[in-house]
Each structure stands twice: as structure tokens, then as C-alpha cells.
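Student: The structure that follows is given in the form of C-alpha cells.
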Amino acid sequence: MNREHLLPTPADTHALGRELAALLRPGDLVVLVGPLGAGKTALTQGIGAGLGVPEPVTSPTFVIARVHRDGRVPLVHVDAYRLAGMADVDDLDLDVTVASSVTVVEWGQGLVEQLADEHLEVRLDRRDDDVRTAELVPHGPGWAERIDG
């Protein structure tokens with residue numbers, strides 16, 4: 001899988017999410033990084049579709065976390081934008097579900113990496129022409145092998 005992706009349309013962002021879903025397994029942590037409108041939720045929707053989540057995957061902005069249990073692997077979708085720090089992350093009890101789920105965290109950089117020994121960081125950006133870009137940054141040898149393998 002390429003580490004860098006050009007995503008001209010939301011459908012391309014969804015497709016990348018579905019492609020990532022094929023690599024995901026229980027215990028995986030995916031941290032999404034990028035400004036507002038970069039495609040974090042759209043990517044997660046693609047991941048959900050790729051995992052077979054039957055219900056719509058919507059932004060958990062106001063509820064902080066949503067759990068989708070009916071896919072191939074449970075999907076925990078977290079929006080850490082409103083979290084003030086590690087104490088707020090601890091209050092979510094993500095450590096209880098991380099081993100049995102795929103956990104995708106928007107705005108989680110610097111807050112959730114300790115939940116797993118390895119994680120995948122996806123750096124999303126939105127260019128001036130509204131084209132999105134994604135860079136896959138593996139943290140740990142297992143992720144590097146899956147991405148490059």
C-alpha cells in the first residue's frame with residue numbers, strides 16, 4: 001500500500017478507508033491527524049464500510065465516542081477534539097475495548113498513542129483546491145510491515 005495518497009473526492013477518501021480496513025484487526029489503533037475539513041470522518045466512514053459496519057458512521061463530536069459492534073471487527077470511533085488531556089482519555093475507558101476492537105481516534109495525536117504498543121497515524125490535509133491528501137505513518141514494525149508489505 002502506498003504511504004502517500006491524493007484524494008480528489010470524498011469517494012477517494014472513503015476508498016482509502018476501505019483499503020485500510022482490509023489491513024485492520026482487533027487491537028489496532030489508528031490516529032487521524034489534520035485540520036477541520038481534511039477528511040477524518042470520511043476516512044472513518046470508509047473504514048467502517050470496509051469492516052462491514054451496517055449503520056452509518058457519523059462524527060462522534062458531541063458524544064466523544066461511538067461503538068459500532070456489528071462489523072467484522074468492532075469499531076470504536078472517537079473524536080478527541082474536546083478532550084482536555086490524559087485524564088479525559090482515561091475517563092473514556094478505551095483501554096478496556098482497544099484489544100478487541102479497531103479504535104480510530106480523530107484529533108488524538110499526543111493523547112492516545114499509549115493505548116497500543118504500535119499504531120498507524122494518518123495525516124490528512126486539505127489543499128487550497130479542496131483536494132485532500134493522506135500520509136500513512138506507521139509507528140512500530142508491525143505497522144510498517146503491513147503498510148509496505
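Student: Which percent, to the nearest 5, of DSSP beta bridges fully inside the chain are antiparallel?
Tutor: Antiparallel bridges: around 55 percent, rounded to the nearest 5.
Student: Per-residue ellipticity at 222 nm for the chain, helices alone: DSSP H runs ≥ 4 residues times -39500 (n - 2.57), over residue total, nearest 500 deg cm²/dmol?
Tutor: Mean residue ellipticity, 222 nm, calculated: -7500 deg cm²/dmol.
Student: What is the distance in Å between the Cα centres of segment 17-87 and segment 110-146?
Tutor: About 13 Å separates the Cα centre of segment 17-87 from the one of segment 110-146.
Student: Report the FRET efficiency, 1/(1 + (r/R0)^6), for Glu55 and Asp129, where r is their Cβ-Cβ distance and R0 is 35 Å, rounded to 0.05.
Tutor: 0.60
Student: Follow-up question, since we're still on this one. Could you report the chain's accessible area per residue, 1.4 Å probe, as an integer in Å²?
Tutor: Value returned for the chain: 48 Å² of accessible area per residue.
Student: Let me ask something additional. What is the sum of charges around Arg18, taking Lys and Arg as +1, Asp and Glu as -1, for the other residues whose C-beta is under 14 Å from the C-beta of Arg18?
Tutor: -1
Student: Classify segment 1-64 as rounded, prolate or oblate from the Cα gyration tensor: take a ≥ b ≥ c as the square roots of its eigenvalues, call it rounded if a/c is under 1.5, otherwise prolate when a/b beats b/c and oblate if not.
Tutor: Rounded, since a/c falls under 1.5.
Student: Please report, in debye to the nearest 20, how large the charge dipole of the chain is about its Cα centre when each Lys and Arg carries +1 at its beta carbon and each Asp and Glu carries -1 there.
Tutor: In total the dipole reaches around 400 debye.
Student: Using a 1.4 angstrom probe on heavy atoms only, work out the carbon and sulfur share of the accessible area of the chain in %.
Tutor: Ligands and nucleic acids excluded, carbon and sulfur give 50 percent.
The values are calculated or read from the model by the stated rules, or taken from the named source; none is laboratory data. If you're wondering where the values come from, they're calculated on a predicted model, not measured in any experiment. Using ideal geometry, Cβ is built from the backbone for each residue, glycine included, and neighbour counts are taken over all protein chains shown. In case anyone asks, the SASA skips ligands and DNA or RNA and just uses the protein heavy atoms, side chains included. Shrake-Rupley method; radii C 1.70, N 1.55, O 1.52, S 1.80 Å.
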